[in-house]
1. Exactly one of (1) out of contact with any Ser or Thr (no Cβ under 9 Å at 6 or more places or on another chain); (2) more than 19 Å from A:LEU211 (Cα to Cα) is unmet by B:GLY138. Its number?
2. Is at least one residue of segment B:9-24 in contact with a Cys (Cβ under 8 Å, 6 or more places away or on another chain) and either part of a strand (DSSP E or B) or open to solvent by less than 50 Å² (accessible area, probe 1.4 Å) (or both)?
3. Considering each residue of segment B:52-66, count those that are open to solvent by less than 10 Å² (accessible area, probe 1.4 Å) and either in a strand (DSSP E or B) or of a type in the set (Val, Ile, Thr) (or both), and give that number.
4. Scan B:SER69, B:SER7 and give me the residue that is within 14 Å of chain A (Cβ to nearest Cβ) and either among the polar types (S, T, N, Q) or in contact with a helix residue (DSSP H, G or I) (Cβ under 6 Å, 6 or more places away or on another chain) (or both).
5. Is it true that A:SER273 is closer than 24 Å to A:ASP18 by Cβ and either within 14 Å of chain B (Cβ to nearest Cβ) or not in a loop (DSSP other than H, G, I, E, B) (or both)?
6. Out of (1) surrounded by 22 or more Cβ atoms within 10 Å (Cβ to Cβ); (2) without any contact (Cβ under 8 Å) to a residue 24 or more places away in the chain; (3) of a type outside the set (Ser, Thr, Tyr), the odd one out for B:ALA144 is which?
7. Write out, first by first residue and then by second, each pair whose Cβ atoms fall under 6 Å of each other, whose residues are 6+ apart or on separate chains, and whose first residue, in segment B:84-97, is at the interface with another protein chain (Cβ under 7 Å from one of its Cβ atoms) while the second is assigned to a loop (DSSP other than H, G, I, E, B) and open to solvent by less than 10 Å² (accessible area, probe 1.4 Å).
Amino acid sequence: MNRFLSFVKKEFQHIFRDRKTLLILFGMPVAQLLIFGYVITNDFRNIGIAVMDQARDQKSELLVNRIFSSGYFLNRGQVYNIDEISSKFKSGKVKAVLVIEPSFTNNLIGKGEARVQILTDASDPNLASTIVGYLSGIIYKFQMDDVPFSEARGIIAETRMVYNENLEGAFMFVPGTIALILMLISALLTSISVTREKEVGTMEVLLVSPLKPALIIAGKVTPYVFLAFANGIVILLLSYFVFGVPVEGSLILLLLALLLYITLSLSIGIFFSTLASTQQVAMFLSLFALMLPTVLLSGFIYPIENMPWPLQWLSLILPPRWFIVILKDIMLKGNGIAYIWDEGLILIGMTVFFIAISIKKFKIRLES
Amino acid sequence: MAKTLISCSGVSKHYGDVEALNNINLDIFSGEIFGVIGPDGAGKTSLFRLVASLLIPDSGKISVLGYDSVKDYRAIRKKLGYMPGRFSLYQDLSVEENLAFYASVYGTNIEKNYHLIEDVYSQIEPFKKRRAGKLSGGMKQKLALSCALIHSPELLILDEPTTGVDAVSRREFWEMLKRLKDKGMTILVSTPYMDEAKRCDRIALVQNGVILGVDTPEMVIRQFNFKLFAIRSEVRHEIIRALRTFDSVHQAYLAGQLVHFTQVNPETDDVERYLMDQGFGDVDIRTIEPDIEDCFINLMMN
């Protein structure tokens, strides 16, 4: 234990004496969070929506058909009462619910005016407003084609955003940015700190000592767990006070998820350092193997639903993909552990995997 | 005869196509300073890393302190003090912090083992708050030696400890090694400086991964059975070129400011006359005693 503590102490000394690393650690997240994320465009198709058709008459069913034959939406089933709607959203598969009023056909033809309501999950505000736009377009076209002109003043579509009524962009990019930054910083800093010892030659002395690989790895990771955790809290505070992103769910659950994700990122960093022998290679690995996929494939900027299948499969192995879901669930939807345990288990599994192969791959000798 | 602490038998090691060590057989005894002498790239570092269990031999067996270097590497590492070729301490930690860290790595602390390092460490203790990166070359080596000694190892392995260190610090360093030896420490040390060879109890001359010879420095010199001439001149390169066409030449090479020369038939052929005939009138030729470097070059050529 004493060995471990003095190893950790030594790591802290390295970190606090290296101003540049400290600057990266705390400067970059703040800057990125402030700069990131307003300009995000999406390709749009196969969005899951559900229908609550209270009319179930000729015109309403025709309208529903029109919507699903457009190619933009996937039918995620019927909703029969209002209470179901929120659980549909919380499942994450349904991004919008179309509610059609009773006696839709009668109202439309008789009164010349019928009502529908579009409810969207605005924890992803870009997607939500795009859904509203597409649905309104389909409804308008339906009205032009299928409702005799003279009969109708029209269908009145009322929209409501759930979870994020004001469509704050920050609500979308904050979870993504947190996932990206923590992953990058944690993996980058640990992999650099290990490869630095290889480059400088101190690893040779550590190897020749009786220290066990697991202890060296644990000693390397521990300080960064604290620092990255502090970092994550800074980002959360910043997003709360600057962007007004709420934490609807349990704060303790959120912090636990943060801790889990950080540990995972650090273990990936250690894994990279077993592959790389120089700081430069470690840096490239972190940037290209982590940053690009995280930005492009984790659902941070481009919705996963819109990706071709191979990329959707690829996104399954990206930790940020799962963490972003957890963050959105806890922060924006106020979901409890019942909704995120599966994502959590996936992250735990990944952590165990990376730590295990890192310890196994950690070389007890100089490579030859 | 003293106990054998390190025993290499038939050890070979190569990196890709490069042969670093070829069939090394070596025994190192308890309580001696054993020097591995050879130029850069001779295979000294590879040999030391093999002994320190940091590399695995391609063939052959190494036993260190009675343990097999591949199977029982853990047992070896506990009892070994190892100082790698380049300065491998944390430059951003202070002198004292480095020492405390390495002590803790071996489960001990500075106070407990201070008597082991006192002789070495007391010389740099006034600078204990200074960052290791800011020390002079000589002080860095003293710190590295302190760190290698702090856990009371049974065997010290020092890979070129005096390379890049000034002459005064080099001498001090060797005096410290001598005092360690007097306390019973076994020391395996390498150096590219031939003049340091005579400070060892026994030496191995290594060249291109092969051991040219193992003996005490005195015996190595005694085995040099040529008459050695030293020629002082301003035109050394021309003289070497001329000597190499001399019928009786054995070797002619530059040694510092002098040309060293050995010949096959010193009785019949007069080198002084030969040089005179070649037009080198004003040369100062005298016979000298060989040193390790002459022996080394002689062995290398055979």
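The values are calculated or read from the model by the stated rules, or taken from the named source; none is laboratory data. Just so you know, these numbers come straight off a predicted model, no measurement behind them. Every residue, glycine among them, receives a Cβ derived from its backbone with ideal geometry; neighbour counts consider all protein chains shown. Only protein heavy atoms, including side chains, enter the accessible area calculation; ligands, DNA and RNA are left aside. Shrake-Rupley method; radii C 1.70, N 1.55, O 1.52, S 1.80 Å.
1. The failed condition is (1).
2. Pass one, segment B:9-24, residues in contact with a Cys (Cβ under 8 Å, 6 or more places away or on another chain): B:24.
Next cut, either part of a strand (DSSP E or B) or open to solvent by less than 50 Å² (accessible area, probe 1.4 Å) (or both) only: B:24.
Taking every residue of segment B:9-24 in turn, at least one turns out to be in contact with a Cys (Cβ under 8 Å, 6 or more places away or on another chain) and either part of a strand (DSSP E or B) or open to solvent by less than 50 Å² (accessible area, probe 1.4 Å) (or both).
3. 2
4. Going through B:SER69, B:SER7 in turn, just one is within 14 Å of chain A (Cβ to nearest Cβ) and either among the polar types (S, T, N, Q) or in contact with a helix residue (DSSP H, G or I) (Cβ under 6 Å, 6 or more places away or on another chain) (or both): B:SER69.
5. In short, yes.
6. Only one criterion in (1) surrounded by 22 or more Cβ atoms within 10 Å (Cβ to Cβ); (2) without any contact (Cβ under 8 Å) to a residue 24 or more places away in the chain; (3) of a type outside the set (Ser, Thr, Tyr) is unmet by B:ALA144, namely (2).
7. Hits for this filter: B:PRO84/A:GLY201; B:PRO84/B:ASP159; B:ARG86/A:GLY201; B:SER88/A:GLY201.
Conditions tested, residue by residue: (1) within 30 Å of A:LYS59 (Cβ to Cβ); (2) modelled with pLDDT under 80.
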residue: A:VAL132; (1), (2): yes, no
residue: A:MET144; (1), (2): yes, no
residue: A:ALA157; (1), (2): yes, no
residue: A:LEU167; (1), (2): no, yes
residue: A:THR177; (1), (2): no, no
residue: A:SER186; (1), (2): no, no
residue: A:THR190; (1), (2): no, no
residue: A:LYS198; (1), (2): no, no
